[in-house]
1. Please enumerate the residues belonging to segment 133-151 that are assigned to a loop (DSSP other than H, G, I, E, B) and within 14 Å of the ligand (Cβ to nearest atom).
2. For segment 113-129, what are the residues that are more than 12 Å from the ligand (Cβ to nearest atom) and either of a type in the set (Ser, Thr, Tyr) or within 21 Å of TYR48 (Cα to Cα) (or both)?
3. Would you pick out the residues in segment 63-112 that are among the polar types (S, T, N, Q), assigned to a strand (DSSP E or B) and either surrounded by 21 or more Cβ atoms within 10 Å (Cβ to Cβ) or within 16 Å of the ligand (Cβ to nearest atom) (or both)?
Amino acid sequence: MSTTHALLAKLGASLLVLGLIGCSSPAGQAVAPTEVPAAPKAAAHWTYEGEEGPEHWGNLDPAYLLCVDGTAQTPIDITAKSTNDVADPVFGYSAGAADFVNNGHTVQAVPAAGNTLTVGETVYTLKQLHFHTPSEHAIDGVKAAAEMHFVHQSEAGVLAVVGVMIVAGDAPNTAWEPYVAGTSTPKGGAASATIDWPALLPAEHITYQYEGSLTTPPCSEGVQWMVMRDAVTLSQTQIDALAAAYEGNARPLQPIGDRDVVLDTQTK
Ligand SMILES: [Zn+2]
């Protein structure tokens with residue numbers, strides 16, 4: 001992609017991480033145009049179905065062009081994978097407070113600073129956790145009931161997202177309960193909870209790794225994806241609670257193209 005395009009994509013990614021891109025228009029701020037400088041044009045509204053759905057994202061806003069023109073988009077069906085011992089993601093997570101943000105597409109838990117993900121030489125900081133129902137990725141053609149995305153950003157602005165598949169089991173998952181409860185936070189509402197971040201991950205951190213994109217507009221590429229091989233179990237009641245907040249907030253599968261998906265075989 002062109003340099004300008006890359007910069008725009010990166011800016012979009014940063015804004016998205018910070019939760020600045022959304023559908024909410026700043027209502028109630030009627031100010032005479034001559035009194036203040038014009039605010040930046042708000043990003044175009046988008047949805048998961050209908051005329052502003054995924055097939056149309058690329059046409060809704062010039063900033064969303066990668067949603068239709070991109071060649072390394074997410075999600076994908078993870079099938080053609082090579083096995084290799086690549087850099088393990090090392091989680092420097094600890095329990096702490098998080099604030100909930102309902103952005104009209106999902107509900108984010110935004111932690112206090114200090115949770116890190118290190119891959120090779122690169123240190124990323126955990127920015128937010130959010131969910132999709134059903135899962136966005138498929139593994140060998142199979143989608144899960146839900147998928148959790150732990151979104152990280154490096155100091156240089158590179159995004160790394162860890163995906164965790166959610167499947168239904170008999171018992172409620174107590175580690176996940178504070179997040180599940182927080183997803184009832186209404187749009188514009190405020191809530192916070194203590195989240196035991198390391199307890200949210202599967203026991204083994206074996207990941208499928210590939211380079212992809214944001215799964216929401218502006219669909220910025222250059223995102224380092226790590227999808228956990230092992231799913232985490234929530235009770236059906238907990239999964240229903242996620243779906244009660246947002247259901248169908250999953251982008252359709254995208255072409256894998258000539259990308260490699262590597263299964264990191266090293267266990268720890
Ligand atoms: Zn996501």
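We did not get these values from a lab; they are worked out from the coordinates using the rules stated. Note that the coordinates shown come from a computational prediction; the quantities given were computed from them, not determined experimentally. Note that we place each Cβ from the backbone using ideal geometry, even for glycine, and neighbour counts take in every protein chain shown.
1. Selection gives THR133, PRO134, SER135, GLU136, HIS137, ALA144.
2. THR116, THR118, THR122, TYR124, THR125
3. Within segment 63-112, ASN102, GLN108 qualify.
For every residue, the table says whether it meets (1) part of a strand (DSSP E or B); (2) near the ligand (Cβ under 10 Å from one of its atoms); (3) among the hydroxyl-bearing types (Ser, Thr, Tyr).
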{"position": "PHE131", "(1), (2), (3)": "yes, yes, no"}
{"position": "GLN153", "(1), (2), (3)": "yes, no, no"}
{"position": "ALA156", "(1), (2), (3)": "no, no, no"}
{"position": "ALA160", "(1), (2), (3)": "yes, no, no"}
{"position": "GLY163", "(1), (2), (3)": "yes, yes, no"}
